[in-house]
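Data block below; observations after.
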Amino acid sequence: MKRYHPFFVGLHWLIAVMILVALILGGPSLAEIPNDSPDKMFGLTGHMIWGLTIGVLMTLRLAMRIFAKAPPHADAGNSALNSGAKLAHLGIYALVFSMVVSGIALAYSAGLFSIIFGGSGAALPPTFSVFPARVVHGIIGTVLLALIGLHVAGWAYHQFYVRDRLISRMWFGKRS
Ligand code: HEM
Ligand code: HEM
């Protein structure tokens, strides 16, 4: 088997775009809006729906990774690099889920579910930085971005040094 299942491939690229948008654009620009600005509720609504959707898609993807057939692990020609790639992939799954869980924990501790989705009419807290989950959410986001950078470097290593067209495993086409 040469490729991942096309549905899994589609999920990889959809989730990749959604995570990069949240990490680089959505999250940081949301954090810059003061909590007493009228734009904040709109930004929070979008970010929370976006983040929760990533959680649902990632769960679907993990289930597929566990239950559907996948191609054998790629060979980078070095056992340390092969183990590193496995560890990095596991790390990405773990950090994405931690990002979703810390986001939910933050929303729960700041009462955002009732303010944003329940229409409680209560005011937002003056700042989120007093909540430990906010600090954790920010730190995990930075580590996840660094790990994705490493993941893309791994792809570039395969593409330009090993020259094994690894990317075709994560693209559509004949699987056998
Ligand atoms: C944007 C540039 C990206 C490129 C060029 C890229 C490329 C690839 C390639 C070629 C593979 C297949 C590796 C193999 O078969 O061993 C792969 C797998 C993977 N990618 Fe990406 N990727 C990118 C972004 C992302 C992002 C943003 C995420 C975060 C969710 C991600 C998560 C993963 C995971 C977890 C796997 C392992 C698949 C598995 O076996 O479960 N990738 N990626
Ligand atoms: C993988 C999914 C997610 C990603 C990549 C993500 C990304 C981010 C980033 C990068 C920030 C800004 C961090 C900083 O500047 O220190 C942020 C802030 C935030 N996120 Fe997420 N997030 C995700 C999921 C969620 C979820 C599921 C929720 C809630 C249900 C959530 C709620 C928040 C809140 C309330 C803030 C604080 C905004 C502020 O400080 O004003 N996030 N997120």
Exercise for the section: Quickly rank 115-124, 47-56 as a protection proxy: mean count of other C-beta atoms within 10 Å, highest first. Expected result: 47-56, 115-124
Completion exercise
Loop-resident trypsin sites (Lys or Arg not before Pro) in the range 121-176 with no more than 15 other Cβ atoms inside 10 Å, DSSP not H/G/I/E/B, are Arg163, Arg165, Lys174, Arg175
Fill in the blank from the handout: Tilt, helix 79-109 to longest principal axis of the chain (alpha-carbon atoms), in degrees rounded to tens, equals 20
Fill in the blank from the handout: For the chain, the percent of accessible surface on carbon and sulfur atoms (probe 1.4 angstrom, ligands and nucleic acids excluded) is 71
Exercise for the section: Which order do the peptides 93-104, 4-15 take when ranked by the mean count of other beta-carbon atoms within 10 Å per residue, highest first? Expected result: 93-104, 4-15
Handout entry: From phi via Karplus (6.51, -1.76, 1.60), per-residue ³J(HN,Hα) for the range 5-22 in Hz, x at Gly/Pro
Key = 4, x, 5, 5, 4, x, 5, 4, 6, 5, 5, 4, 5, 4, 5, 5, 4, 5
Problem - Rounded to whole Hz, the Karplus (6.51, -1.76, 1.60) HN-Hα couplings of the range 30-45, x for glycine and proline - result: 5, 5, 7, 7, x, 5, 8, 7, x, 6, 5, 4, 5, x, 5, 4
Handout entry: Derived scalar couplings ³J(HN,Hα) [the range 68-73; Karplus, 6.51 cos²θ - 1.76 cosθ + 1.60; whole Hz; x for Gly, Pro]
Key = 9, 6, 10, x, x, 4
Fill in the blank from the handout: Restricting to Cα pairs under 8 Å and 6 or more apart, the percent relative contact order of the chain works out to 37
Completion exercise
Restricted to pairs 8 or more residues apart or on different chains, the lysines in the chain with C-alpha atoms under 26 Å apart form a number of pairs equal to 6
Completion exercise
Using alpha carbon positions and the Kirkwood radius, the Rg to Rh ratio of the range 50-176 is 1.10
Handout entry: Helical mean residue ellipticity (222 nm; -39500 (n - 2.57) per DSSP H run of 4+; nearest 500) of the chain
Key = -21000 deg cm²/dmol
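The values are calculated or read from the model by the stated rules, or taken from the named source; none is laboratory data. In this text the structure is predicted, and so the values were computed from the model without any measurement. Because the Cβ atoms are built from the backbone with ideal geometry, glycine has one as well, and the counts that use them run over all protein chains shown. Heavy atoms of the whole protein, side chains included, go into the accessibility calculation; ligands, DNA and RNA do not. Shrake-Rupley method; radii C 1.70, N 1.55, O 1.52, S 1.80 Å.
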